[in-house]
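Worksheet: one structure, shown below.
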Amino acid sequence: MDSPRQCKKANMSREPKRSQNQSSTAPQKDAYARLLSQHSSSKFSLYLEQYAKDVSFQGEGQGPSTLLKAQSDRLNIPQRKKDQVFNDFSDSSDFSPSSMKSKGEESSLSLYMEKLSTRSAQQDCERKQGVSDRQRRGQRRDTATSHDGDIESGEELISLKPSDSKKHQKQQKKNKDFKDTDSFVGRPQSPKKANKSGQEREKMTKSKKKNQPKHPDEEKSREETFGHEADTQSSRPKSPHGKDKTLQQPRAASTNSPADKSKNKGGRRSKKQVFELYMMSEEVSKGLKRGELIQGQLRINPKKYHEAFIPSPDDTRDIFLDGIVARNRALNGDIVVVQILPREQWKVVRSDTDCEGASESESQRDNMVQTALKKTAHVPSPDVIVEDQYSDQDELIRAVHSTSLTDTGEPLEDSSTPQSNGELLQKTAKVVYIVEKKHSRAATGFLRFLPDKPFAMFSPVDHRVPRINVPLADCPEDFTFRPSDYTNTLFICRITNWAADSNFAEGQLAKTLGQAGEIEPETEGILTEYDIDFSEFSDEVLDCLPKNLPWTIPPEEMGKRRDLRKECIFTIDPATARDLDDALSCKQLPDGNFELGVHIADVSYFVEEGNTLDAVASQRATSVYMVQKVIPMLPRLLCEELCSLNPLTDRLTFSVIWKITPEGKILSEWFGRSVIRSCVKLSYDHAQSLIEAPEKMFSAEELPPVDPEHPIDEIHQAVLNLHSIAKNLRAQRFSGGALRLDQLKLSFTLDKETMMPQGCYVYQYRDSNKLVEEFMLLANIATAHHIHRRFPELALLRRHPPPKAKMVDELQELCDQLGIDIDLSSAGALHKSLNTALGDDEYSTARKEVLTHMCSRPMQMAMYFCTGALKQEQFFKHYALNVPLYTHFTSPIRRYADIIVHRLLASSLNCGPNLGLSTEEVQKQASHCNDKKTLSKRVQELSSELFFGVFVKDCGPLDSEAMVMGVLDQSFDVLVLRYGVQKRIYCKFVAGLDSFHHRKVGKKSELTLVWTPEDPKKPPLEQVISIFTLVEVQLKADPAPMKYSAVLKRPEEGKS
C-alpha cells in the first residue's frame, strides 16, 4: 500500500545533504578499512595485487564464475549483493533488512580483496585466451549510474535517520578509494573537505529550491542531480581552461607516480575515469562488419534521463542503455556505436512496452537475469513515457544491418524468448563510439555560483544534458559578487569538452537570453537548443535572388511553359499563411469527367542547384512553424512573394493535371512546368463555408478579393466538385487499407500587439482540410511513381515502416483485456476498428483520442530515403497510406526534399538540367532532412507548450474533464479534454488523498485512490483509476516559469 505519508518519508532520503550513494547501514570501520582509505602508495597497491593473485591461485583451474561463486559461498554473501558493496550501496531498489545485514557483516578489506582476486583471475583467464584490454573492459558492467543522480523513484528508497547521515558521509569517503574504477566519480576527499562540500551542497540546494520551485514532473530528477552532482564536483576542483591532462590516463591505473603525488594534496590518487575511452575508428569498422557492434540513433527518455535506447537492427525491441556511464558522453539524437553487454546483464521486462521505458513497477526491482551462478547486475526499473514516442526520434535508414554477437563471437540468442515466468529479455549495451554528434551541444538553463571554485555550474533545463562547468571569466562581470541577481536569468551554454574522467562537461556561455518565463527568451532558447538557424540571411544568399523588382516572368520563360493563367485556379490555406505553395483547379468537361489540377510553386526555378542560396536552404531543410512566428527555409522575398502563389499575380508553377471521373478514377495524367494566376486566396474557413452551403449565392463581401474574370459562382462550383471527388478518393483510400491517426492539436488566438495568448482551442480538422489533403496525397503519389520510373537509383522518396510487431501484440492483448474490439493486423483494419469500436456516446471521441494515442506508440517515423541506397523495393512502402511509393512534391517553399523532387521531375521531363547529385549525396541529404524534420516538429510542440503555460498562468486555474490514458504504479496520465493537452498526475501530490495502491492483472493496470472523508463519521471514498476513466482536473500554474500542473479534483459521492 502506497500512501502520501510513506512517499513523504521516502522523499526525505532524497535530500541533497544525504548522498544517494549511501545505504542505511554502513560497513564496519575496521583498522584495515581506515588504512586502505588513507594509504595510496604504489607499494601498498602492489601488496594488494599480490594478495589477490595469491588468493586467485588457490582457485586456479576454475573459471572466473566458478571462483566467484566459491568465494561468495565462503563469505556467505550472495553475488548480487556482494557486487553492490563496491557501488557504495548505490542501487536504490535493493534496500532490504537482509541485504543491509549482509553488507554490514563483512569488513571492507575482505570485500576488496575478494573483488581484486576475482578481477585478477578473470584477467589471467582472458590473457590466456588472448583477449584484448579493450574487450576485457567491455565485458564489465558499468555501475556508476547512481553517482549521476540516476535514482528516479523516491518510493524505492528507505529514509535515513538524520543521525546516520553524517556517519555515512564519513564512511563513504573512506570507502571510496577501493571502489571499482567503473563506479568511481570524483576525487577522494578528506573528511573535513567532505563535510564542507556537503554544506555547500545543502546551501546550494536550499537556494535552488527557494529561488526556482519545481514542477512535480521535474522535481525528482532536478533535486537528485543538483544535490549530488554539486557535491561530487566540489570534491574535484579543475582548471576551466583547456582539456584535462588526465584524459588519456589508462582506466585500470591504480598507482601514482611521484609527479601525480605532487599534483594531489595529501598523496591522494589521481582522478579516475568515469567513462571508457572510445574505440579507434578502425576497430569500430571491423566490429560493425563482424556484427560485434551495432550502430543506431540514441534516444534518451525525457522523463527519466538515465534510460536510453537505440533501435535494434532486427526491428524487435529496442536495445537498452542504463545510465550516463553506459551512454559514454553521447547525447540525445547522436548516432552511436554500441557493444552488447553479456547476456547475464540483459534486462528482464514484463512486456514489450516496458522495453520502451513503459513501467515504473516496484515489483521489477530485481529485473536482471538470475543465472545459475547468481552473476547479476541490477538495472533500475524504468518509468513510463506515455507520450508521442516518436516525437524525439526519427529512425534513419541504418547502413549496417548486422546480427548482434556476444563477446565470445557467437550469435546472440533470440531475446524475445519468454522466461519460464513469462518475462522477456531486453538486450543492454554501452556506447563505444560516437559516429555523428547530431545533438547541437547547446542547452538552455541557469547558472549557479560555487564558492571557492574557478567555475560556475550551468544547470540545463533539459535533464538529458549534463551539468556544465563554465569558467567564471566567461560569466557576467558581476556574477561572482551578485549571483542572486541571475537566479532567474536564462542562459544558453555550449559544451566544448567532456573529459573521460569527469561527470561534468565543460562549456562556454553563448548568450544571455533574458528572464525565464518570458516568451521571446524562452523561444530563442528552444531554437538554439534544437539547432534551428534563425539568423538573418547573409548578403551572399540575398545576392542569389532576382535584382530587378518588381520581378516579372521573362518572356523566354513563358514560351517554355503551359499557360494556365486563364483557368479558374485558387489556393486554400490557413488564414494566417503567407507562403502559399499549392493551388487547385477543377473544370468539368463536356463528357461529364473533370480536368483536375494541382499546381505547386516552382521554387527550383529560383533556387539554382549548387549556389549559396541552395546550400543554406539544404542546411535548414525545412521551415519551422512556431505559435507566434515562422523561421523560413528561404528568404522572405521568395517564400512570401516571388514563389508564393498570391492571388491576381502571375506565378511560375509545376503542375500535375489529371482527367478524372466523378468517382475518382484517373483516366490520364500530365506533368509539366506552367504559369498560373490564382483568382482568389481562400482560407479553410472560407472553403468550409462554401462546402456547407452548396445552394447559397455568396456575395463578394463574404469572400476575399476575387479576380473579376471568374465569378464567385464558378469558384463555388469548383470547390464543391473538388469536395465531391475528394470524398470518393478518400473513401477508396481507406477501403483500400489506409490509416490516419489524428491527434488533438492546440491552437491559440494572439494579441496582435503583444503576441501574447488571448485564448486557445482544439484545432478542428474539417472537410476543407480533407479536400486539400486528398489532392496533395494524389499529387505526391503520382510524382513518386514518375521519378522512380525515370530515376530508379536516384529518386528521393518517403517510406513509412510498419509498426513494431511485438509492441503491436502487447497492445492487442491490452485491448482484449479492456474489452475493446480492435484489429491491429493491418493499417486498414486498425483504421476501421478505431472508427467503430468505441461507441457513439458523448465521450466516444475522447475514447478514440486515447486509443489513437495508444496505437501511435508502436508506430515508427516516416522517413526520406534515396531509392539507390535501399535496394529492396518492399521497404519502399508507406504503411499508413498503404501505397508502394510516396514522396513529397507539394511544399517546396518550406521543405528542401520537395526541391530535390522538383529537380528530378524537371530532368525527367527534359525541362530542367540533370540532378548534380550522386545516390550517396541524395541519401545524405535525405537523412539530414529527416533530422531537421524531427527537430522542427519538436520545436513546434515546445512552442505550443510554452504558450499554453503562459495561458494557464494568465487565465487559470482552468477546469476540465479529463480521460485517463495510462496508469503507472504511483501516477497516471490524462488527456485534458477541453484543451487536448496530456498531463501526468502523481498520487503523492494529490491533496486529500489518504492512500493509494496499484494492481496489475495481465496487461491491465489499475490504481485505487482512497480519499480522506470530508465527514469523519463517513468511511473513506475510493476511486478506481484505469484507462478510459473520466476524472475532473484543474490546471494550475506552478511557481516555476512556464510550468503548470494538473490537479486531480475530489470525486463527488456516488461517482467514484
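See the values below:
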read-out: Residues within segment 717-735 that are among the small types (G, A, S) and open to solvent by less than 50 Å² (accessible area, probe 1.4 Å), tallied; value: 2
read-out: Which numbered condition K924 fails, given (1) open to solvent by less than 30 Å² (accessible area, probe 1.4 Å); (2) at pLDDT 95 or above; value: (1)
read-out: Qualifying positions in segment 912-930 - assigned to a helix (DSSP H, G or I) and not hydroxyl-bearing (S, T, Y); value: E920, E921, V922, Q923, K924, Q925, A926, H928, C929, N930
read-out: Residue among A829, A805, A897 that is among the hydrophobic types (A, V, I, L, M, F, W, C), touching a Cys at 6+ places or on another chain (Cβ under 7 Å) and either farther than 26 Å from T1029 by Cβ or free of Cβ contacts under 8 Å to residues at least 24 places away in the same chain (or both); value: A897
read-out: One residue from A617, A577 being part of a loop (DSSP other than H, G, I, E, B) and either in contact (Cβ under 8 Å) with a residue 12 or more places away in the chain or under 40 Å from the mean Cα position of the chain (by Cα) (or both); value: A577
read-out: Enumeration of residues in segment 584-619 that are open to solvent by 10 Å² or more (accessible area, probe 1.4 Å) and in contact with a Pro (Cβ under 8 Å, 6 or more places away or on another chain); value: G592, N593, F594, S604, F606, E609
read-out: Within segment 467-485, considering residues that are of a type in the set (A, V, I, L, M, F, W, C) and in a strand (DSSP E or B), the one farthest from L450 (Cα to Cα); value: I468
read-out: Some residue of segment 565-572 being in a loop (DSSP other than H, G, I, E, B), touching a helix residue (DSSP H, G or I) at 6+ places or on another chain (Cβ under 6 Å) and at pLDDT below 95; value: no
read-out: Residues satisfying the stated conditions in segment 680-727, i.e. part of a helix (DSSP H, G or I), among the small types (G, A, S) and without any contact (Cβ under 8 Å) to a residue 40 or more places away in the chain; value: S689, A700
read-out: Scan of segment 980-1026 for residues that are assigned to a loop (DSSP other than H, G, I, E, B), open to solvent by 30 Å² or more (accessible area, probe 1.4 Å) and in contact with a helix residue (DSSP H, G or I) (Cβ under 8 Å, 6 or more places away or on another chain), ordered by number; value: G1002, K1003
read-out: Subset of segment 646-669 (residues that are crowded, with 21+ Cβ neighbours inside 10 Å and charged (D, E, K, R)); value: R651
read-out: Among the residues listed as A330, A377, A326, A308, the single one being in a loop (DSSP other than H, G, I, E, B), at pLDDT 70 or above and either of a type in the set (S, T, N, Q) or open to solvent by less than 20 Å² (accessible area, probe 1.4 Å) (or both); value: A330
read-out: Some residue of segment 708-720 being in contact with an Asp or Glu (Cβ under 8 Å, 6 or more places away or on another chain), closer than 18 Å to F570 by Cα and of a type outside the set (K, R); value: no
read-out: Residue match in segment 436-446 (condition: in contact with a strand residue (DSSP E or B) (Cβ under 7 Å, 6 or more places away or on another chain), assigned to a loop (DSSP other than H, G, I, E, B), of a type outside the set (A, V, I, L, M, F, W, C) and at positive phi); value: yes
read-out: Which listed residue, of Q1023, Q1034, is within 30 Å of the chain's Cα centre (by Cα), under 29 Å from L744 (Cα atoms) and not aliphatic (A, V, I, L, M); value: Q1034
read-out: In segment 932-955, residue nearest to Y864 (Cα to Cα) [restricted to those that are hydroxyl-bearing (S, T, Y) and in contact with a helix residue (DSSP H, G or I) (Cβ under 9 Å, 6 or more places away or on another chain)]; value: T934
read-out: Wholly within segment 763-869, helices (runs of 4 or more DSSP H) carrying at least 1 residues that are more than 30 Å from I660 (Cβ to Cβ) and open to solvent by 20 Å² or more (accessible area, probe 1.4 Å); value: 805-818, 844-856
read-out: Every pair of residues 6+ apart whose Cβ atoms lie under 6 Å, when the first sits in segment 425-448 and is over 20 Å from I468 (Cα atoms) while the second is among the basic types (K, R) and surrounded by 21 or more Cβ atoms within 10 Å (Cβ to Cβ); value: Q426/R317; Q426/K347; T428/K347; V431/R327
read-out: For A516: the one exception among (1) more than 30 Å from T653 (Cβ to Cβ); (2) of a type outside the set (V, I, T); (3) surrounded by fewer than 21 Cβ atoms within 10 Å (Cβ to Cβ); value: (3)
read-out: In segment 521-562, the residues that are of a type in the set (D, E) and surrounded by 13 or more Cβ atoms within 10 Å (Cβ to Cβ); value: E522, E524, E529, D531, D533, E557
read-out: Filtered residue count, segment 1032-1044, keeping only those that are crowded, with 20+ Cβ neighbours inside 10 Å and in a strand (DSSP E or B); value: 4
read-out: Every pair of residues 6+ apart whose Cβ atoms lie under 8 Å, when the first sits in segment 1014-1033 and is free of Cβ contacts under 8 Å to residues at least 12 places away in the same chain while the second is open to solvent by less than 60 Å² (accessible area, probe 1.4 Å) and not in a strand (DSSP E or B); value: P1019/P1013
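The values are calculated or read from the model by the stated rules, or taken from the named source; none is laboratory data. Computed from a predicted structure; not experimentally measured. Counting neighbours? That spans all protein chains shown, and the Cβs are built from the backbone with ideal geometry, glycine included. To get the accessible areas, we keep the full protein, side chains included, count just its heavy atoms, and leave off ligands, DNA and RNA. Shrake-Rupley method; radii C 1.70, N 1.55, O 1.52, S 1.80 Å.
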